[in-house]
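Student: Before anything else, here's the structure in question.
The values are calculated or read from the model by the stated rules, or taken from the named source; none is laboratory data. Since the model is a prediction, treat every value here as computed from it, not as a measurement. Because the Cβ atoms are built from the backbone with ideal geometry, glycine has one as well, and the counts that use them run over all protein chains shown.
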Amino acid sequence: MLLRQIEYLLAVVENGNFYQAAEQCHVSQSAISQQIKKLEEELGVKLLKRHNRTFSLTPAGEHFYRKSLVISGDIRQMIRETKRIASNDHAVLKIGYYKGYHGNELSEAISMFSEKYPTVDVQIIVGSHEELYHAMENGSVDLALNDQRRAFSDAYNNEILAESKIFIEISSKNPLSKLQHVETEDLKNATCILVINQAARNEEQEYYETIVGLHGDFLFADTIQEARLKILTGQGYMPVDMISEQVWFDTTVCRIPLTRNAQPVKKTYCAFWKKDNSGFYIEDFANILKACF
């Protein structure tokens, strides 16, 4: 049994047809079909039921497919680790991101980068705006995904990625949840829940008071899950950044656009890295990240 045959079977199942699987594997359609038949002959079982131009997995095929996914993942990890061991002084890319960012773009970019450069060790750090700034200054972070809170510095590469809108998450039992949008003034008697570590609480509260315009009491949580439990028990609302439109399914918590003077409240997200610490991997990761946004 060849690993290549397993790779072909995975491609056929994931693409749903032999033609696209052949394109993905850069071989002919007949080559993929022949190799899967050889695999079935070697195993002595049918893996696929062929129905004219379509197919389905047999029970044995379903089992083999599931196990093959595990094997494929293990082999990829083994290859990455082997290359890293061989390189000894392998490259390290240290990425930081703002704790208030909850999008999928960063994880997509990291996945794409790691696939492209399997020997580069990607390390992730999360922090407040100021913590990430100081981490870049002292070299413990190479590139930071952060919102813009000060004028751009000439000492940094400042890559604008996207503009986000601020929404609030609030209990569906709260009367404000019936509004199409919520003005900052409407929240003056409500408690704002911020997800931030203890050391950065004053900094984050000051930003939401002076820049965003939220006034009233503030409550803090270490995780989003903790914050949402506070929302469900009627303790307040949580501001969240939304970079792209996302479908919201939770019926117990409502997500509503935040406005000030009838205009959406926005943030600008950027990738920052020091010009004197720029390099191939940092710049390529920044390009991948920008494409994901």
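Student: Quick one: is F167 touching a residue at least 60 places away in the same chain (Cβ under 8 Å), more than 22 Å from T210 (Cα to Cα) and out of contact with any Cys (no Cβ under 9 Å at 6 or more places or on another chain)? Before the answer, list the steps.
Tutor: Numbers: touching a residue at least 60 places away in the same chain (Cβ under 8 Å): yes; more than 22 Å from T210 (Cα to Cα): no; out of contact with any Cys (no Cβ under 9 Å at 6 or more places or on another chain): yes.
It is false that F167 is touching a residue at least 60 places away in the same chain (Cβ under 8 Å), more than 22 Å from T210 (Cα to Cα) and out of contact with any Cys (no Cβ under 9 Å at 6 or more places or on another chain).
Student: For L48, only one of the following conditions fails: (1) farther than 18 Å from R4 by Cβ; (2) modelled with pLDDT of 90 or more; (3) not hydroxyl-bearing (S, T, Y). What is its number?
Tutor: Just one mismatch for L48, condition (1).
Student: Now, a different point. For residues that are polar (S, T, N, Q) and at pLDDT 90 or above, scanning just the stretch 79-132, find the one that is nearest to L194 (Cα to Cα).
Tutor: Residues of the stretch 79-132 polar (S, T, N, Q): 82, 87-88, 104, 107, 111, 114, 119, 123, 128.
Add one more test, that the residue is at pLDDT 90 or above, and what stays is 107, 111, 114, 123.
Values: S107: 22, S111: 28, S114: 32, Q123: 25 Å.
Checking each candidate, the answer is S107.
Student: If H134 satisfies all but one of (1) under 25 Å from the mean Cα position of the chain (by Cα); (2) over 23 Å from T252 (Cβ atoms); (3) touching a residue at least 12 places away in the same chain (Cβ under 8 Å), what's the number of the condition it fails?
Tutor: (3)
Student: Quick check: is even one residue across the stretch 59-77 of a type outside the set (A, V, I, L, M), modelled with pLDDT of 90 or more and under 20 Å from the mean Cα position of the chain (by Cα)?
Tutor: no
Student: Pairs please, first residue from the stretch 38-50 and of a type in the set (V, I, T), second anywhere and at pLDDT 90 or above, Cβ atoms under 6 Å, 6+ apart in sequence or on different chains.
Tutor: V45/A60
Student: Of the numbered conditions (1) in contact with a strand residue (DSSP E or B) (Cβ under 7 Å, 6 or more places away or on another chain); (2) touching a residue at least 40 places away in the same chain (Cβ under 8 Å); (3) assigned to a loop (DSSP other than H, G, I, E, B); (4) exposed (fewer than 14 other Cβ atoms within 10 Å of the Cβ), K173 satisfies every one except a single condition; which is it?
Tutor: Tallying (1) in contact with a strand residue (DSSP E or B) (Cβ under 7 Å, 6 or more places away or on another chain); (2) touching a residue at least 40 places away in the same chain (Cβ under 8 Å); (3) assigned to a loop (DSSP other than H, G, I, E, B); (4) exposed (fewer than 14 other Cβ atoms within 10 Å of the Cβ), K173 fails exactly one: (1).
Student: For the stretch 130-149, enumerate the residues that are out of contact with any strand residue (DSSP E or B) (no Cβ under 6 Å at 6 or more places or on another chain), part of a helix (DSSP H, G or I) and closer than 18 Å to E206 by Cα.
Tutor: Listed by number, the residues that qualify are E130, E131, Y133.
Student: Right, another one. For D284, state whether it is out of contact with any strand residue (DSSP E or B) (no Cβ under 8 Å at 6 or more places or on another chain), assigned by TED's automatic domain parsing to the domain that holds N157 and farther than 19 Å from S164 by Cβ.
Tutor: Numbers: out of contact with any strand residue (DSSP E or B) (no Cβ under 8 Å at 6 or more places or on another chain): yes; assigned by TED's automatic domain parsing to the domain that holds N157: yes; farther than 19 Å from S164 by Cβ: yes.
Yes, satisfied.
Student: Having 3 or more residues that are without any contact (Cβ under 8 Å) to a residue 60 or more places away in the chain, surrounded by 14 or more Cβ atoms within 10 Å (Cβ to Cβ) and on the phi < 0 side of the Ramachandran plot is the bar; report the helices (runs of 4 or more DSSP H) wholly within the stretch 194-293 that clear it. Walk me through it before giving the result.
Tutor: On the way: elements: 201-207, 224-232, 280-292.
Per the criteria, 224-232.
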